[in-house]
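Remarks on the structure that follows.
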Amino acid sequence: MKTLLKLSALLAILTVLLSTTMIASQFNFTDELYIDDIPFSTEEIYNNTITDNKLLEFSFDEESYINDIPFDTECVTVNCLYNKAVSVDYQLEDDEYVNDIPFNTECISAKCLYNKAISVEFNFEEEDYIDDISL
């Protein structure tokens with residue numbers, strides 16, 4: 001009896017839902033045209049309200065300087081960062097010696113400096129003859 005009652009209630013609810021859906025599907029609404037029924041600009045009213053109430057203008061009184069920090073914070077920060085960087089102990093492994101340069105770099109550097117020195121051109125002005133050596 002309970003099952004029959006529940007089944008009939010379920011069928012009744014489904015019937016009502018289906019009939020409502022069928023009736024509702026018969027209505028087709030067309031798109032409405034734009035109606036300019038607001039005879040004023042809401043943006044202009046908003047801007048006037050902001051301007052009238054001066055909500056966008058903030059004026060703060062100049063505060064007096066309070067010297068409550070008796071040291072230079074920038075200097076302290078720089079020193080602190082330096083001390084932190086220096087306090088780290090980096091343990092690096094020693095690299096093995098690799099003889100991958102088959103020439104003497106000191107000799108090549110000296111030759112390069114010599115070539116640069118002799119490539120400089122010096123232009124001296126002609127000097128007057130001075131006979132200051134007596135024989």
Please indicate, with yes or no, whether at least one residue in the stretch 32-46 is surrounded by 10 or more Cβ atoms within 10 Å (Cβ to Cβ) and of a type outside the set (G, A, S). yes
For the stretch 109-119, does any single residue satisfy the condition of being at negative phi and either touching a residue at least 40 places away in the same chain (Cβ under 8 Å) or assigned to a loop (DSSP other than H, G, I, E, B) (or both)? no
Pairs, please: C-beta under 8 Å, at least 6 apart or cross-chain, first residue modelled with pLDDT under 75 and in the stretch 36-52, second exposed (fewer than 10 other Cβ atoms within 10 Å of the Cβ)? I50/L56
Which of the residues spanning the stretch 14-31 are surrounded by 10 or more Cβ atoms within 10 Å (Cβ to Cβ) and of a type outside the set (S, T, Y)? L14, V16, L17, L18
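The values are calculated or read from the model by the stated rules, or taken from the named source; none is laboratory data. What you see is a predicted model, and the numbers here were worked out from it, not measured in a lab. Positions of Cβ are backbone-derived with ideal geometry, glycine not excepted, and every protein chain shown enters the neighbour counts.
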